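Asks: Encoded as structure tokens, here's the structure I'll be asking about.
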Amino acid sequence: MAGGVVVNNGGGKDYPGKLTMFVLFACIVAATGGLIFGYDIGISGGVTSMNPFLIKFFPSVYRKEQAAEKNQSNQYCKFDSPLLTMFTSSLYLAALVASFFASTVTRVAGRKWSMFGGGVTFLVGAALNGAAKNVLMLILGRVLLGVGVGFANQSVPLYLSEMAPARLRGMLNIGFQLMITIGILCANLINYGTAKIKGGWGWRVSLALAAVPAAIIAVGALFLPDTPNSLIDRGHTDAAKRMLRRVRGTDDIEEEYNDLVAASEESKLVAHPWRNILQRRYRPQLTMAIAIPLFQQLTGINVIMFYAPVLFKTLGFADDASLMSAVITGLVNVFATFVSIVTVDRLGRRKLFLQGGTQMLACQIVVGSLIGAKFGFSGVADIPKEYAAFVVLFICAYVAGFAWSWGPLGWLVPSEIFPLEIRSAGQSINVSVNMLFTFIIAQAFLPMLCRFKFILFFFFGAWVVIMTLFVAFFLPETKNVPIEEMVLVWKSHWYWGRFIRDEDVHVGADVEMPAAGNRNGKVDPAKLAN
């Protein structure tokens, strides 16, 4: 391989530096961009289970719900309404489109201004939703919320991966997913409280309070420094060198700085990143940017998070009980994410993916079987309190498995695998695929629940089997590898190495990397050639 690469079982270069308080604070502020995404995920399911909200905007759903509670209709189908699902899923369609515009803003103006734009747009959407008089205002507000989510999800994971030292990149990047889970939990708690407001206007408070996380990221972004990568890419080389010294807490930054400059110079040779990303040498990264967000949505997690109160109502819980059950799953989600933060840079990405997938599959089989045993295909049954609590227990175990695997890693891995020249385009594809399938799942879940019944859990379980096998065979370990040297990981992989020629690898000499076809031992560099 070009450059005389030294291969071993470690990561890439171990650049000098430490985790400074400056970097930690910047990453915490940037990660708050996840609050807007998480708050929306949690709030939408909660308000759609509030009767005053349904009576005002979706009266047909309210009538079906009342009939179902009297055992006059199928429990599986009582929330099946195209208009109701459009309210929930319109945000994700807007986020899909916005992510492509966010790619340009992120590359040209920097990551922080993309975050700022997302926060401001989300703030306007929250105000519109809180003051909604009709369904049109609701959906227009959701579209603006979606634009905000698209910008934040495009820029925040990139910012975190570029600011973090390689050995702690996983921990700091998962801060984004942690904020998503905190947003979901806060939304569930707020829904539980606002549902008790007399007068039936509590849903307005729930929707309008989305302005709080929007203001946090919008104001916070104004104080964030640019990443060294972004500064170099935009021609501010002196400022980039000063920033690199500050974020690494040392003056010994020449090696890392030179690598960043080399990556930037190569990226400037790429005039059309959207066209270049289709080149053969980027096939591994492009595949992951499509497959990982696709699989993340096909785990079925958003079925739980979007519609947790709705789902628990379907299981026979009362209004307050269904909202409280959603709070419980939200708590599990937050605490389980800490497991990933602690272990991701020690155990690595692959082990968490594989363990989490196995756990989710087992829980989906149990939950589907328990619901099927009671409701069958008729959808008419009364569930005893103890039985319903048992179902919630396994749903929580499923949420925990997701929260330390596919939840955080679905954002972490795509954000760290792309070279600088196509990084913004790659992240845009990652976000757009994520939003597209979030939209599809959100739009299709209630009709699928009505038609598939309890078989729906087995449907998502089958996808978990497929994605776990995909990780086992095709995802290399990326922990501790500097993102500017990630090409070495793909070059050494048993399958993806065939797509990358020796002349496509532009890194310095004596770079450590995982062994080709043998992650635990050493191989001769010549074995990395095609």
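Every number here is computed from the coordinates shown, using simple stated rules; none is lab data. Note that the structure is a prediction, hence the values are computed from the model and not measured. Note that each Cβ is placed from the backbone with ideal geometry, even for glycine, and that neighbours are counted across all protein chains shown.
Asks: Which peptide among 90-96, 22-28, 499-505 comes first, and what is the full order, when sorted by highest mean count of other Cβ atoms within 10 Å?
Replies: For the peptides 90-96, 22-28, 499-505, the packing ranking is 90-96, 22-28, 499-505.
Asks: Any idea how far apart Asp251 and Lys385 come out in nm if each label point goes 7 Å out from Cα toward Cβ?
Replies: Placing both labels 7 Å beyond Cα along the Cβ direction yields 7.0 nm.
Asks: Using square roots of five times the C-alpha gyration tensor eigenvalues, list the equivalent-ellipsoid semi-axes of the stretch 410-504 in whole Å, biggest first.
Replies: They are 33, 17, 10 Å, listed largest first.
Asks: Quick check: residue separation of Ala373 and Arg242 times 0.36 nm, minus the Cα distance between them. What number comes out in nm?
Replies: Working: separation 131, 0.36 × 131 = 47.16 nm, distance 6.38 nm.
Once the chain is fully extended between Ala373 and Arg242, it gains 40.8 nm.
Asks: In addition: Quick check: pseudo-label points 7 Å beyond the Cα along Cα→Cβ at Asn258 and Ala444, how many nm apart are they?
Replies: Between Asn258 and Ala444, the label points sit 5.2 nm apart.
Asks: Based solely on C-alpha atoms, express the radius of gyration and the Dmax of the stretch 24-176 in angstrom.
Replies: 18.6, 59
Asks: Quick check: net charge around Gly348, other residues with Cβ under 9 Å of its Cβ, Lys/Arg +1 and Asp/Glu -1?
Replies: Net local charge, Gly348 excluded: +3.
Asks: Right, here's the next one. How are the C-alpha pair distances of the stretch 346-438 spread across 5 Å bins, as whole percents from the shortest bin up?
Replies: 3, 12, 16, 15, 15, 12, 10, 8, 5, 3, 1, 0
Asks: Is there a pair in Lys241/Lys491; Lys64/Lys133; Lys56/Lys196; Lys196/Lys374; Lys374/Lys453; Lys18/Lys241 whose C-alpha atoms are over 20 Å apart, and which pairs would that be?
Replies: Long pairs (Cα-Cα over 20 Å): Lys241/Lys491; Lys64/Lys133; Lys196/Lys374.
Asks: How far apart, in nanometres, would the label points at Glu266 and Lys133 be if each is projected 7 angstrom from Cα along the Cα-to-Cβ direction?
Replies: That separation, rounded to one decimal, is 5.8 nm.
Asks: Right, another one. First measure r as the distance between the Cβ atoms of Val342 and Phe474, then evaluate 1/(1 + (r/R0)^6) with R0 = 25 Å and state the FRET efficiency to the nearest 0.05.
Replies: Working: r = 26 Å, r/R0 = 1.05.
For Val342 and Phe474, the calculated efficiency is 0.40.
Asks: Still on this structure, I have one more. Rounded to two decimals, what is Rg over Rh for the stretch 159-233 when you use alpha-carbon atoms and the Kirkwood radius?
Replies: Rg/Rh for the stretch 159-233 comes to 1.16.
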